[in-house]
Amino acid sequence: MKYKLLLLLILIVSTLQAQLLQEKDDFTKQDTLRGSITPEREWWDLTYYHLDIEVKPEEKFISGTNTIQYKVLKPHQVMQIDLQKPMDITKVTQNGKERPVKRDGNVFYIMLNEQNIGDLNSIVVYYQGHPKEAKHAPWDGGFSWKKDKNGKHFIATSCQGLGASVWWPNKDHMYDEVDSMLISVTIPKGLKNISNGRLRNITLNNDDTETWSWFVSNPINNYGVNVNIGDYISFSESYEGEKGNLDMYYWVLSYNLEKAKNQFKDVPKMMKAFEHWFGPYPFYEDSFKLVEVPYLGMEHQSSVTYGNQYKNGYLGSDLSGTGWGLKFDFIIIHESGHEWFANNITNKDIADMWIHEGFTAYSENLFLDYYYGKEASAEYVIGTRRRIRNDRPLIGLYDVNHEGSGDMYYKGANMLHTLRQLVEDDEKWREILRGLNAKFHHQTVTTKQIEDYISKETNKDLTAFFNQYLRTTKIPTLEYKIENNLLKFRYTNIVDGFDMPIEVEIDGKSEWIFPSSEWKIKPIKSDGFTIDKDYYIHSKKL
C-alpha cells in the first residue's frame, strides 16, 4: 500500500509542475518529464548498461532486457525509466525479485527497496513492442525497416531529439551518460548487426539466429547507441593517429564494396584534419566505424552511419553554393566531426544543441582549410549564410526537451568563423578548439561552460557577443555614411553592450574599426570603404 501511495504522490506533484510550465509556454507534462532532471533521476548515477534484445524483422518487433547498473547518490526509492509508446515494459527485477512499476505516458516509475548512498546496484528491465517506424529518418527517428536491392532486410535506428527511449528503456536525459555498455542483438541467421564499440563475440543459436555483442568502453550518450542490420561486408585499415594506431572499420552492403573503397578515402583525410584542429580522436579504445544505412546518416558514437549515396557534397549538391562543398563527402565529414562535438563534448540539455551542430558545421570549413587553404574555407562558410533563416534563437528552452533553431548549424558556424577573426591568431584559435576537447573530454556541458572557457582563453569579454548570436535572432547591422571626407558608422539591431570590432578597407588600406551603438567618426579620403566578409554582420549605407 505504501508503494502505491508514494507513486500516486509523485504523479500528482509532477502533474502540477508540468501544468504550471504548460500554462507559461504550452509544453506538456511529458515534455517536462522527458526534458528535466527530475527527483526520480537525480538520486542515481548511471554506470553501465547491458542492452540485450532480439530483433524480428518480419514482424517489425523487438523484445529483450536492459540491465541498468547505477550508483546511489542520495536516499530515494523511486526510479524513473523512460520508454515511449507503443513500447512497453513488462517487468522489472532487482536482485531477482520483481518490483512494482507505474506508467505515466512515456515514463515508468519503479519502486525499489531502501537505497544506501554509495551502493552500486542494478535492475533488469524487461520490455517489448513494435517500435515507432521512422518515416523520414533521421529527422523523425525510430526504426527504419527497409530492404536492399536484393530483397534482404536493411534495418537501422536513429533517434536524436526524439530520444533513445523510442526503442529501448533507459535514463533518457543527456546530462548523465553511461560509463560503458554492452549491446547484444539477436537477429536472423544470414544477416549481420553492427553497433557501437568493438565486436566482442558472435553467438550461433539453435533457432537459426545469431547474437552479435558489441562493447563500448567509453561514456556514450543514449541517442548515440545504434543497431544496424543488413547483408554487410567489411573492410578496414589502420590509421596512425595522435594516440597511436586507430582501427577503422567500414561496413557496407555487399554490392557496394568497390564504391565504398573509393568514396571512403575521405575518412583518413577527415581524421588527419580533425585531429589537427580538435585533438586526438576521443574513442581510440572503441575504434572508428562507418556503417552504411538506409537513411542519410547520423553521428552514432564509434559507429557513424552513412547514406550519402557515395557522392561528394550533400547527396551530390553543394550546400554553400560556392563549389567547395563538392570537394568532400558531406556525411563523412560532418557526421564524423560529431565525434568531437556531440560525442566527446555533449550538451547537458538539448536546448544547448548548438554546441553539437554549430561546431560540427564549422568543422566542414576547417576540413577545407586543412586541404585547400584559408580562403577556400572562408568562401564555403560564408556561402552557407544563405541557409540561415533567423527564425528563432540558437538556444532552446531548458528542461522541456526543446531544441533551438535549425540555424544552430550555419549561423553557429558563422559565429565561430567570426570569432576566429577576433582572436587574430590562427594557432591560438586551434589551441582553443583542442583545449575544449581536452578540458571537457567525455563530459556533458552547458553553453555557459563553453562561453566561459572561450572568453578566458581569448582574454576577451564575449558576453554580448554570445548573447547577440546565440540568444537573439538579431544580426548586427553596421550603418554608415560618407560625408565631407568623414566616415560615420554605428551598430544597430544589437543587444546591450555589443561593440564587436571588425576589419574594413579604407582608401585601399586594411584596418580595424570599433563600432558601438553610438555614432563614431573616422577620416576618409574617398568613397573607398569595404567591410571584411568574414564577419557575420549586415551593412547599410545611408
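Observations, loosely collected:
- When the Cα gyration tensor is reduced to axis lengths a ≥ b ≥ c, the ratio a/c is 1.5 or higher for region 290-361, and with a/b not above b/c it is classed as oblate.
- Mean-position separation - Cα centroids, region 41-85 and region 293-337, in angstrom: 32
- The residue among V252, I187, F27 whose Cα reaches farthest toward the positive pole of the charge dipole of the chain, with charges on the beta-carbon of Lys, Arg, Asp and Glu, is F27.
- For W145, the shell of other residues with beta-carbons less than 9 Å away shows a net charge of +2, using +1 for Lys and Arg and -1 for Asp and Glu.
- Share of carbon and sulfur in the accessible heavy-atom surface of region 73-149 [1.4 Å probe, %]: 46
- Taken as entire DSSP H runs, the helices of the chain that both span 24 Å or more between Cα atoms along their own long axis and average -0.5 or more on the Kyte-Doolittle scale are 2-25, 354-372.
- Checking the cross-link pairs K85/K135; K272/K428; K147/K265; K71/K448; K149/K192 against a 21 Å limit on the alpha carbon distance flags K147/K265; K71/K448 as lying beyond it.
- Placing +1 on each Lys and Arg Cβ and -1 on each Asp and Glu Cβ, with no other charges, gives region 400-497 a dipole about its Cα centre of roughly 100 debye.
- Positive dipole terminus of region 246-303, leading residue within S303, V267, P282 (C-beta point charges): V267
- Rounded to the nearest 20 debye, the dipole size of the chain about its Cα centre is 840 debye, using +1 on the Cβ of Lys and Arg and -1 on the Cβ of Asp and Glu.
- What you get for region 122-222, charging only the Cβ of Lys and Arg (+1) and of Asp and Glu (-1), is a dipole of about 420 debye around the Cα centre.
- Links that overshoot a 29 Å alpha carbon limit, given the list K289/K533; K261/K327; K60/K91; K146/K269: K289/K533; K146/K269
- Span from the region 437-455 Cα centroid across to the region 135-153 one, whole angstrom: 35
- Taking every protein chain into account, the accessible area of the chain amounts to 40 square angstrom per residue (probe 1.4 Å).
The values are calculated or read from the model by the stated rules, or taken from the named source; none is laboratory data. These numbers come from a predicted model, not from an experiment. Neighbour counts are summed over all protein chains in view; Cβ atoms, including those assigned to glycine, are modelled from backbone coordinates with ideal geometry. Heads up: the accessible areas ignore ligands, DNA and RNA and are worked out on the full protein's heavy atoms, side chains in. Shrake-Rupley method; radii C 1.70, N 1.55, O 1.52, S 1.80 Å.
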